[in-house]
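A short write-up of the structure that comes next.
The values are calculated or read from the model by the stated rules, or taken from the named source; none is laboratory data. Please read all numbers here as calculations on a predicted model, not as lab measurements. Protein only, heavy atoms only, side chains kept; ligands, DNA and RNA dropped before computing areas. Shrake-Rupley method; radii C 1.70, N 1.55, O 1.52, S 1.80 Å.
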Amino acid sequence: SGGGGGGGGGGAEISKSTKKGLTTIVIDKTEEQLDQDETPEEQWRVVLHNDEVHTFNYVIQSLCKVIGTLDRKRAFDICVVTHGTGKATITKSWKEQAMKYCLGMQRQGLTASIAPENRFTGDGDGDGGGGGEPGGEQ
């Protein structure tokens, strides 16, 4: 069935915001209109959880394979954060796409989950992705 297309937006430039040492990347023409402030459809985070089983190399390969827009450098950064804090946000997308990414990671044997952006306090400042606390009053 149809995807979550729609929305204009310029070319496919990559916007990068680095806060607290984690790089959050918004990529791709289709995701571009999903701005952090005005989300026509709710954004979901794909979160990678640390395990003691897989090597960095394997995880980097898996990330690049499942999420075609990630390069090895970014995949490595995600590994570092995941290893250090227990989990990290891999990417943000609309729910259907986030589910696909999450399943793809799980097929690689990795532990991944998705959560709606509004579960994260602050406006997407990528603090390593994912405390379980629901956001308070804004």
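Please list Ser93, Ser113 from largest to smallest accessible area, probe radius 1.4 Å, with all protein chains kept in place. Please list the in-between numbers first.
Working: Ser93 0, Ser113 40 Å².
Result of the area sort, largest leading: Ser113, Ser93.
For Asp51 and Met99 in the same chain, what is the full-extension length gain: residue separation times 0.36 nm, less their Cα-Cα distance, in nm?
Values: separation 48, 0.36 × 48 = 17.28 nm, distance 2.01 nm.
Taking 0.36 nm per residue and subtracting the Cα distance, the gain is 15.3 nm.
Which far-off residues, 5 or more places away or on another chain, put their amide H under 5 Å from the one on Glu41, with H placed in the peptide plane?
Residues meeting the criterion, in which the H sits 1.01 Å from N, do not exist here.
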